[in-house]
Amino acid sequence: MKAVRVVDAVGREVLIPYPPRRIVSLVPSLTEALFAFGAGEQVVGVTRFCTEPPEGVAAKAKVGGTKKVQYQAVRDLEPDLVIASAEENRKEDVAPLIIDRIPIFVTLPTTVEEAVQQLRVLARIVGREEEARPVLEDAEAAVAELRAARTARPPVSVFCPVWRRPYVHAGPGTYLHDVLELCGGTNLFADRPGRYFNVTLEEMADRNPDVILLPDEPFPYGEQHLPEFQAFTQVTAVREGRVHLIDGKLVTWYGPRMAASLRTVHRILHPA
């Protein structure tokens with residue numbers, strides 16, 4: 001069998017059978033990408049958080065969660081490729097699989113452009129470059145559109161917590177941060193050190209965001225949480241009715257939905 005040699009996002013050189021016939025994906029957005037690229041039949045295992053596409057993942061073996069991967073469940077599937085994320089999966093779950101010499105491709109996009117590049121590599125290593133081309137070209141077109149749009153309007157400041165009590169916010173060096181910046185926003189806490197950090201709602205109010213986005217993942221923000229933000233009536237986002245509950249996939253999933261997600265976030269930040 002042929003093999004392809006690639007360097008993954010954490011600098012590891014990985015030799016992958018080409019094309020891989022038994023793939024385990026530990027990354028929900030990349031599971032969706034594999035199906036969109038036409039590699040669904042090659043996928044034999046996914047996490048319980050891999051929910052897209054529903055009809056595709058329903059019959060696949062489940063190997064635990066993204067943070068609690070079941071080592072033996074993965075081994076029993078005899079994969080010739082495991083897709084992992086340095087952000088979503090724990091090192092202690094992935095390390096034993098590396099020790100077992102299972103080819104593992106680790107991703108960690110810190111910008112939208114990096115996400116597109118890593119998707120391109122993923123399509124290549126699973127033998128689906130042609131099938132992935134429309135998805136990747138649409139994503140690249142969306143990036144170009146939004147870059148041009150940024151010059152036409154001043155950015156709006158955005159508060160987008162990913163967790164609650166403590167409230168956790170993303171900083172530079174994260175995919176979420178770059179999504180906000182590309183879509184015509186400025187990250188309210190872009191000056192904070194670290195990729196993720198705790199903040200308080202009082203700190204949020206002092207910085208007075210123009211827009212508040214409350215994604216439904218990883219923390220499931222819902223209607224019941226709106227009053228704790230709306231209590232800050234002095235904040236521009238609250239005063240102008242710009243506190244939005246959103247699908248968390250818009251700002252955290254990179255894959256076949258990227259182009260549509262980027263355009264949607266831009267419309268939220270800059271309505272016509």
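The values are calculated or read from the model by the stated rules, or taken from the named source; none is laboratory data. Please read all numbers here as calculations on a predicted model, not as lab measurements. We place every Cβ from the backbone using ideal geometry, glycine too, and count neighbours over all the protein chains shown. Heavy atoms of the whole protein, side chains included, go into the accessibility calculation; ligands, DNA and RNA do not. Shrake-Rupley method; radii C 1.70, N 1.55, O 1.52, S 1.80 Å.
For Cα pairs less than 8 Å apart in space and 6+ apart in sequence, what is the mean separation divided by the residue count of the range 1-72, i.e. the relative contact order in percent?
Computed over the range 1-72, the figure is 24 percent.
Using the Cα centre as the reference, give the magnitude of the dipole from point charges on the C-beta atoms of the chain (Lys, Arg: +1; Asp, Glu: -1; all else neutral), rounded to the nearest 20 debye.
Dipole magnitude for the chain comes out near 340 debye.
Output ³J(HN,Hα) for the range 127-136: one whole-Hz value per residue in order, computed from phi by the Karplus curve 6.51 cos²θ - 1.76 cosθ + 1.60 with θ = phi - 60°, and x for Gly and Pro.
Per-residue couplings from phi come out as x, 10, 4, 5, 5, 7, 3, x, 5, 6 Hz.
Take every Cα pair under 8 Å in the chain that's 6+ residues apart, average their separations, divide by the length, and report that relative contact order as a whole percent.
16 percent
Using +1 at the C-beta of Lys and Arg and -1 at the C-beta of Asp and Glu, which of LEU136, ALA123, SER157 has the Cα lying farthest in the positive direction of the dipole of the chain?
ALA123
Share of the chain's accessible area from carbon and sulfur, percent, 1.4 Å?
About 52 percent, which is the carbon plus sulfur part of the accessible surface.
Given the options ARG153, ARG164, ARG22, which has the most mean-square fluctuation in a GNM of the chain, springs set between C-alpha atoms less than 10 angstrom apart?
Highest fluctuation of the listed residues: ARG153.
Run through the DSSP bridge list for the range 1-47 and note the antiparallel percent, rounded to the nearest 5.
65 percent
May I ask you to evaluate 6.51 cos²θ - 1.76 cosθ + 1.60, the Karplus curve with θ = phi - 60°, for each residue of the range 155-167 and list the ³J(HN,Hα) values in order in whole Hz, giving x for glycine and proline?
Using θ = phi - 60°, the values come out as x, 10, 7, 10, 10, 9, x, 9, 8, 9, 6, x, 6 Hz.
Per residue, how much accessible surface does the chain expose to a 1.4 Å probe? Answer in Å², no decimals.
Averaged over the residues of the chain, the accessible area is 45 Å².
Pick from LEU214, LEU245, LEU119: which residue has the top mean-square fluctuation in a GNM of the chain where Cα pairs under 10 Å get a spring?
LEU245
Describe numerically, in nm with one decimal, the distance between label points set 7 Å from Cα along Cα→Cβ at GLU202 and at ALA95.
So the label points at GLU202 and ALA95 sit 3.9 nm apart.
Please give the calculated 222 nm ellipticity per residue for the chain, where each DSSP H segment of at least 4 residues contributes -39500 (n - 2.57) and the sum is spread over every residue; nearest 500 deg cm²/dmol?
Taken over the chain, the calculation gives -10500 deg cm²/dmol.
Nearest 5 percent is fine: what portion of the DSSP beta bridges confined to the chain is antiparallel?
Beta bridges within the chain, antiparallel portion: roughly 40 percent.
What is the distance in Å between the Cα centres of the range 243-265 and the range 138-187?
For the range 243-265 versus the range 138-187, the Cα centre distance is 10 Å.
So I have (1) 1, 6, 12, 14, 14, 13, 11, 9, 7, 6, 4, 2, 1, 0, 0; (2) 1, 6, 13, 16, 18, 15, 12, 9, 6, 3, 1, 0, 0; (3) 1, 5, 9, 11, 12, 12, 12, 10, 9, 7, 5, 4, 2, 1, 1, 0, 0, and one of them is P(r) over Cα pairs in 5 Å bins from 0, in percent calculated from this model. Which one is it?
Read-out from the structure maps to (2).
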